[in-house]
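Structure record follows, encoded as structure tokens.
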Amino acid sequence: MSDIVSLKESVLVYLDRSGGLQKLVEDCKPFHDPQRIEAVYRFSINVNPSDVIELDAELGDCVLHDPLRATALFQSVCFLAIKTLSLVERIHTESQVNVNLKLTHLPPFPEYTLDLCSYPCVYKPMRPVFVQGLVIAMTRITKYTQGARFLCVNEDCPCSTGFHHIRVHAPGATESATVRSDFSCMMCSSQLKEDMKFRVLGDKQLVELIDVKALDVLTSHQQSSLRYQSVTLFLRDELCNSMRIGQLYRVLGISAHVHQWPNITCSVEANSIQLWEPQYPHKVSARFLELLKATACSPWRFPAIVAHYFGVAIAPPGLYNTLKLTMLLSLVQTKAGAQDALQSLDILAVTTDSLIVERLMAYSLHLACRGVRHRPSWEMFASLSRDEHGAGTANIHAGSTLLATGGICMLGDLGCYKKDKLDAILSVLESRAVSVFIPGKKYGEDVDQQFYIPVQCSFWAFTNSGQRSGRVDCAVLGTADMGPLPVQLSDSFGLLIQCRDTMGDQALLAQTIHTLRQAVQTDEPLYTPCWTFSTDEYVELVAHARHLQVEFCPGAEKIIHGYYMASRRVRAQTEGVKMSLASIKLLMSLAEAHCKLCLRTQVLEEDAVIAVLLCENSVILKHGTSALIIPPDSVFPCDLGDADALRRRDMILDELHQNILRFIFTYAPGADTYITEE
């Protein structure tokens, strides 16, 4: 008894020092309302385990290893404080005080981390743990019983009145553990009957969390023998709606076993939740830094060489350079945590060699902070199932697009999808949201409901297409043949890239030699150019560039704004095509990504020029040529085999830069105020 009194004294001292008593006084004020009569009154108390251990080591051990006992100690002290200070007159017994301890942190030791890859997940006694992972499913918010008042049916028993029998929810307990009809009186053993007027309800939501390593299985095209098991989180009251499907979280909670005969389910009662972003390497290899120094004379050379030698394990250098560059730009614009608005860069490649394009996209997916390669047998957006934890409500499961939140979702060949799936992809690309319809009758609700879940990822896809009329080798590029794809679908992708063989039969020969050399020389490098980079070096480069914070210089903003206004005016007058506001967002995102790939923090005019050329090429493939005449492969107009080729490319890009300025000066309204005729 003396030990319990000593612990309660320590609790009182801690509440006084930490401001918990003052918070208790403030939390009691809403309960003064005469219309608010409840059996149970809930209070949240913030507890810092480090401060508690410094004050009383035994109490600190109780908080970290026996949370139910610690809760009972704080409950007793709070009840005494409420009665002593006369804070709430309607609280008569200690059991009416429902205390929820909110831990600020846990010791940074492995013993306090719940590893979702270990088996079994929850084998330790009920205590606070950290768990971190990816949200793959969640239910709608339902009600649960926070507390209830029971009265003895024997009128002569003192427990037939008052608040002697109060039951409150405890971590790991089911609804039947709090409310059911077979409880007996502790004084006379008669049956207890619930007083329904005093039942207190709260909000409850179930979330499935899985280890982030499971995403590696979704990225690779190879089947893995690993199997990952998710753990169920119970979110209650103020924590409901604090998590989103597809996001990464770090959760502090109490591990528990939920007993539902004949099964025992491992679960975690969430105590606090915070967004979590894994740590990625933020360094750049010495080889890339050496290349950056060697190409400092031109703002265009570094990303060109990076794209030229990218993916040499799949295709020879120089093949599909424009596609490689756009994929690198899209990778740079991904967000690991997706806490900010994602500047999505959707890519649709039109090709006659889908095998190489598919391999390049699959290879590039490994550079993303999160990449999901969708398969036709998987759910693309979201699916529904009935909750298995007794609530019977709808459980929303994430599809490939939601699992790829903050990263890349590779759709593959769009020609393999049926019309209804293509229409669904079009709807998501236009609205950037997934629509989930929940039939009320099937899931125990009175009315049907519809939810919209934001989509925060970039889409990569390709389509196999023949040429419109033989080979298109003219300088003026017309629209590309989309094959069976609807025009609206190709328009919804931000970037449309035509993977053309500029070298003709030489490209086929180069790819054939590349494949044969790769088959017979597995241990030797395929090429010995002056610049060679490994996949790990590309991963580090993209991760470093992704976290750069950039700002636009006035010249870059003027080019982007001027091109948008001029192109909008020309297209509307000559072709009746309306340039949407999404075009200017695409331009700014491209320029920003090119600047990051150059490892700079200021977007220059040269970055804006690359953005304009990529965007204009895409618009030409969709709607045909305009007054701004540019070559089909304007970003890579020549091969980059040597230094002379790089100088030649710089000269061509300088000339295109002047053409863009003349186009803006001629067609953009008011352009003469910020662009001179010279």
- prompt: Scanning for something modelled with pLDDT under 90, in contact with a Pro (Cβ under 7 Å, 6 or more places away or on another chain) and not assigned by the TED database to the domain that holds L646, does region 279-287 turn up at least one residue?
  reply: no
field: Qualifying position, being at positive phi and either open to solvent by 40 Å² or more (accessible area, probe 1.4 Å) or aromatic (F, W, Y) (or both), among S86, S6
entry: S86
task: Might you let me know whether region 528-541 holds any residue that is within 30 Å of F663 (Cα to Cα) and either modelled with pLDDT under 90 or not in a helix (DSSP H, G or I) (or both)?
output: no
field: Residue count for region 211-238, restricted to those that are assigned to a loop (DSSP other than H, G, I, E, B), touching a strand residue (DSSP E or B) at 6+ places or on another chain (Cβ under 9 Å) and modelled with pLDDT under 75
entry: 3
task: Identify, by number, the condition in (1) within 36 Å of the chain's Cα centre (by Cα); (2) modelled with pLDDT under 90; (3) over 19 Å from I166 (Cα atoms) that N98 doesn't meet.
output: (3)
- request: Could you figure out which of (1) open to solvent by 50 Å² or more (accessible area, probe 1.4 Å); (2) over 23 Å from S242 (Cβ atoms); (3) not in a loop (DSSP other than H, G, I, E, B) isn't true of S435?
  value: (2)
task: Take region 439-480 and flag every residue that is open to solvent by less than 20 Å² (accessible area, probe 1.4 Å) and either modelled with pLDDT of 85 or more or of a type in the set (S, T, Y) (or both).
output: Y443, V455, C457, S458, F459, W460, A461, F462, T463, S465
Residue ID - farthest from the chain's Cα centre (by Cα), chosen from residues in region 125-164 that are touching a residue at least 60 places away in the same chain (Cβ under 8 Å), over 30 Å from H105 (Cα atoms) and open to solvent by less than 60 Å² (accessible area, probe 1.4 Å): G162
query: Within region 393-433, how many residues are closer than 15 Å to A382 by Cα and under 14 Å from the mean Cα position of the chain (by Cα)?
result: 11
field: Residue identified as outside any helix (DSSP H, G or I), at pLDDT 90 or above and closer than 25 Å to G407 by Cβ among L599, L587
entry: L599
message: So A307 passes all but one of these: (1) under 28 Å from K213 (Cβ atoms); (2) surrounded by 15 or more Cβ atoms within 10 Å (Cβ to Cβ). Which condition number does it fail?
response: (1)
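Please specify each residue of region 582-633 satisfying the condition of being of a type in the set (G, A, S) and out of contact with any Lys or Arg (no Cβ under 9 Å at 6 or more places or on another chain).
Once the filter is applied, which keeps residues that are of a type in the set (G, A, S) and out of contact with any Lys or Arg (no Cβ under 9 Å at 6 or more places or on another chain), region 582-633 yields A582, S589, A591, A593, A611, S618, G624, A627.
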R649, sole failed condition from (1) open to solvent by less than 10 Å² (accessible area, probe 1.4 Å); (2) closer than 30 Å to P486 by Cα: (2)
- prompt: Do you know which residues across region 383-398 are farther than 18 Å from D446 by Cα, open to solvent by less than 50 Å² (accessible area, probe 1.4 Å) and at pLDDT below 80?
  reply: H389
message: Which residue is farthest from D644 (Cα to Cα), if the candidates are limited to region 285-309 and must be of a type in the set (S, T, N, Q) and either out of contact with any Phe, Trp or Tyr (no Cβ under 6 Å at 6 or more places or on another chain) or in a helix (DSSP H, G or I) (or both)?
response: S285
field: Options L656, L646; residue that is modelled with pLDDT of 85 or more, in contact with a Lys or Arg (Cβ under 7 Å, 6 or more places away or on another chain) and assigned by the TED database to the domain that holds F493
entry: L646
task: Examine region 186-201 for a residue that is open to solvent by 30 Å² or more (accessible area, probe 1.4 Å) and closer than 30 Å to H397 by Cβ, and state whether such a residue exists.
output: yes
Failed condition for L628, given (1) in a loop (DSSP other than H, G, I, E, B); (2) open to solvent by 10 Å² or more (accessible area, probe 1.4 Å): (2)
query: If we scan region 344-364, do we find a residue that is modelled with pLDDT of 85 or more, out of contact with any helix residue (DSSP H, G or I) (no Cβ under 9 Å at 6 or more places or on another chain) and buried (at least 19 other Cβ atoms within 10 Å of the Cβ)?
result: yes
message: For region 54-67, check the following and say yes or no: at least one residue is closer than 23 Å to R149 by Cβ, touching a residue at least 60 places away in the same chain (Cβ under 8 Å) and either open to solvent by less than 40 Å² (accessible area, probe 1.4 Å) or of a type in the set (S, T, N, Q) (or both).
response: no
task: Considering each residue of region 618-638, count those that are of a type in the set (S, T, N, Q) and under 21 Å from P317 (Cβ atoms), and give that number.
output: 1
task: State all residues of region 407-432 that are outside any strand (DSSP E or B) and under 26 Å from C369 (Cα atoms); if no residue qualifies, say none.
output: G407, L414, A424, I425, L426, S427, V428, L429, E430, S431, R432
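The values are calculated or read from the model by the stated rules, or taken from the named source; none is laboratory data. Everything numeric here is computed off the predicted structure, so don't read it as measured data. Don't worry about glycine lacking a Cβ; one is built from the backbone with ideal geometry, like all the others, and counts go over all protein chains shown. These area figures cover heavy atoms from the full protein model, side chains too; ligands, DNA and RNA do not enter into them. Shrake-Rupley method; radii C 1.70, N 1.55, O 1.52, S 1.80 Å.
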